[in-house]
Amino acid sequence: MTDALAKTSLPPTPDYDAWPVEVALHSVDHDDRVLTLRWTDGRVSRYHSVWLRENAADESTVNPDTRERILDLSGLGAWPTVEAAGLDDAGALWVTFRPEGRTLRFHPGWLRANDYSNAGDPEAPLVPVTTWTGRERTAPVTLDAGDWLGQAEDSAEAEGLLGRALEVLLGDGVVRLRRLPAEPDTVRRVAARVGPLRPTNFGEIFNVRAKPEPDSNAYTSIALPLHVDLPTREYQPGLQMLHCLENTAVGGQAVMVDGFAVAERLRETEPAAYETLTRVSWCFANTARTTDYVWHSPVIRVDARGRLQEVRIADFLRGPLMTAFEEVEPAYEALMALQRLLREPDLAMRFDYEPGDLVIFDNRRLLHARDAFEGGSGARWLQGAYQERDEVRSRLRMVWRAERWQRIDSGSGG
């Protein structure tokens, strides 16, 4: 190792994240293509030389201003292999690569966090998903947000409440913030602390209250059946926020059902119906006066491993089924099995909105409904908005990143 590598500070990482060094490196071995690290807690990690070369943090690999990769591996002239490796005075790994003869340093905290030889499922949810029925959840998990919007966005208190809310949202699919200002546009202020809104033909912010010549049943006082919003889109909104400004009307109780719990019960009780609903595409159509949205999709969508990704359930937004002739009757049999299941009372969570309540839920997982309310009995006014799941995941990662930086700054994380 050269004198230049006798470093007393750790090298940068190829990202903007914080990686506390909670376990130190003990030793390193290598052959041409595989490098083996041993840690002081006994863990053994293995990394391919090509992986290390691509994930270096120097200026030949990433743009230091953006941390975006500029290296083209195919331009190196040969497969990158390890010529020499060791640990420096700061506890970092250094590696000299052929054919470049370039020596690069790697941050131990970053290596530990990205130890793919010991990793679990890299596609696992950011927060474990907990399915529920109305027996386990009689109301959404509720957090007191009375002072939240008055706190600085980057304060520990504000970030702590936001992080907790987003964790609950990703796990349960729904969270309720209570005691927010019962003022118009509060939903926009809350959303701004998470990420950008998703505009639709209803605007960025929409008002849920009865109005003349409605373009949605939501803008009437009639009961709404269980549904997700906008299944008529190629990519239906990931999240919905509903904020209560007034609610003195008689009736109108909110109903929510975990669509993933419904799908799981259907898979257990009627597997043929479940399989059909994951395979046959239905038409979802919103043929309003001024718009014409149409999309075709299975009612239940799973990934390549069979894990639930989304449900599209909205009987009032289904168009004519267009599928193979022999699939029509099995498809309707499966649909009716699902409809019967949705009427099982133990699945539903029921609650009332109070002024200042804001409920955030996963629109690709949670079904929501509303009992009819008496239009002349009082006022009922909700404001709503949509966001994407990506915004929640990104914002939660940023909350966790700030916590890691705090550990480093306090000296508890290297």
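The values are calculated or read from the model by the stated rules, or taken from the named source; none is laboratory data. Quantities reported herein were computed from a predicted structural model and do not represent experimental measurements. Glycine also receives a Cβ, built like all others from the backbone with ideal geometry; neighbour counts cover every protein chain displayed.
List of remarks:
- Subset of segment 78-136 [within 30 Å of V175 (Cβ to Cβ), in contact (Cβ under 8 Å) with a residue 24 or more places away in the chain and touching a Phe, Trp or Tyr at 6+ places or on another chain (Cβ under 8 Å)]: A113, V129, T131
- Residue count for segment 293-328 satisfying the condition of being among the basic types (K, R) and part of a loop (DSSP other than H, G, I, E, B): 3.
- Selection within segment 221-254: residues that are in a strand (DSSP E or B), at pLDDT below 95 and among the aliphatic types (A, V, I, L, M). The member of this set that is nearest to D185 (Cα to Cα) is A254.
- Only one entry in A337, A369 is of a type in the set (A, V, I, L, M, F, W, C) and more than 26 Å from the chain's Cα centre (by Cα), namely A337.
- Annotation note: of R365, R370, R350, the sole residue that is out of contact with any Lys or Arg (no Cβ under 9 Å at 6 or more places or on another chain), surrounded by fewer than 18 Cβ atoms within 10 Å (Cβ to Cβ) and over 30 Å from A18 (Cα atoms) is R350.
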